[in-house]
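**Q** Pasting a structure below so you can have a look.
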Amino acid sequence: MSLLQAAFALNSILYSSGNIHIRSKGVYQCSITARNNMEIKGVCRGGEVIASKDIEMEETGSTAGVKTKIQTNDGVIRFGAAHPGMVIQIGEQRHEFFTITYGVIALVDEKGRLVIK
């Protein structure tokens, strides 16, 4: 399986047929797609992150409300902090954050409902 690794990305388009691992400062205003899992150390500010499976990141969005979308087809989304203006989508289920939220785990349950813990 392929792996795309980078320390950070700025105003970039990244694609991997496998996993993506951003190791350090995070991503800013990027369009990132992984056909498997994605892990982002640092922040994800603006843009769109799409993975077929699980997504994990430390922080997403910004206090200024920069639009950021995190999407997976069939996986779990985990992040340490979500700022207002951040949207998550799992399958067809969507949720937008309007306040800063910490320690989020989002998944679709057996009844097809989006659960945010």
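The values are calculated or read from the model by the stated rules, or taken from the named source; none is laboratory data. Fair warning: this is a prediction, and the values are worked out from it, not measured in the lab. Quick reminder, even Gly has a Cβ in these numbers, built from the backbone with ideal geometry, and neighbours come from all protein chains shown.
**Q** Suppose we keep only residues that are part of a loop (DSSP other than H, G, I, E, B) and of a type in the set (Ser, Thr, Tyr) within the range 48-63. Which one would you say is nearest to residue 36 (Cα to Cα)?
**A** So, considering only residues that are part of a loop (DSSP other than H, G, I, E, B) and of a type in the set (Ser, Thr, Tyr), the one nearest to residue 36 (Cα to Cα) is 52.
**Q** Shifting gears a bit: Is the range 62-74 home to any residue that is closer than 23 Å to residue 5 by Cβ and surrounded by fewer than 18 Cβ atoms within 10 Å (Cβ to Cβ)?
**A** Yes: the range 62-74 contains one or more residues that are closer than 23 Å to residue 5 by Cβ and surrounded by fewer than 18 Cβ atoms within 10 Å (Cβ to Cβ).
**Q** While we're here: Might you check whether a residue that is more than 10 Å from the chain's Cα centre (by Cα) and either assigned to a strand (DSSP E or B) or of a type in the set (Lys, Arg) (or both) occurs anywhere in the range 64-72?
**A** yes
**Q** Consider the range 29-47. How many of its residues are among the basic types (Lys, Arg) and not in a loop (DSSP other than H, G, I, E, B)?
**A** 2
**Q** Show the residue pairs meeting these rules: Cβ distance below 6 Å; 6+ apart or different chains; first residue within the range 96-110 and closer than 8 Å to residue 84 by Cα and modelled with pLDDT under 95; second residue surrounded by 10 or more Cβ atoms within 10 Å (Cβ to Cβ) and basic (Lys, Arg).
**A** none
**Q** A follow-up question, please. Among the residues of the range 7-28, how many are among the hydrophobic types (A, V, I, L, M, F, W, C), out of contact with any Leu (no Cβ under 7 Å at 6 or more places or on another chain) and crowded, with 16+ Cβ neighbours inside 10 Å?
**A** Residues that pass the stated criteria total 4.
**Q** Then there is this: For the condition within 22 Å of residue 102 (Cα to Cα) and of a type in the set (Val, Ile, Thr), what is the one hit in 50, 13, 32?
**A** On inspection, the qualifying residue turns out to be 50.
**Q** Residue by residue through the range 77-116, note down the ones that are buried (at least 16 other Cβ atoms within 10 Å of the Cβ) and among the aliphatic types (A, V, I, L, M).
**A** Within the range 77-116, 77, 81, 82, 86, 87, 88, 90, 104, 106, 107, 108, 114 meet the criteria.
**Q** Is it true that residue 35 is at pLDDT 95 or above and surrounded by 13 or more Cβ atoms within 10 Å (Cβ to Cβ)?
**A** Details: at pLDDT 95 or above: yes; surrounded by 13 or more Cβ atoms within 10 Å (Cβ to Cβ): yes.
Judged against the criteria, residue 35 is a match.
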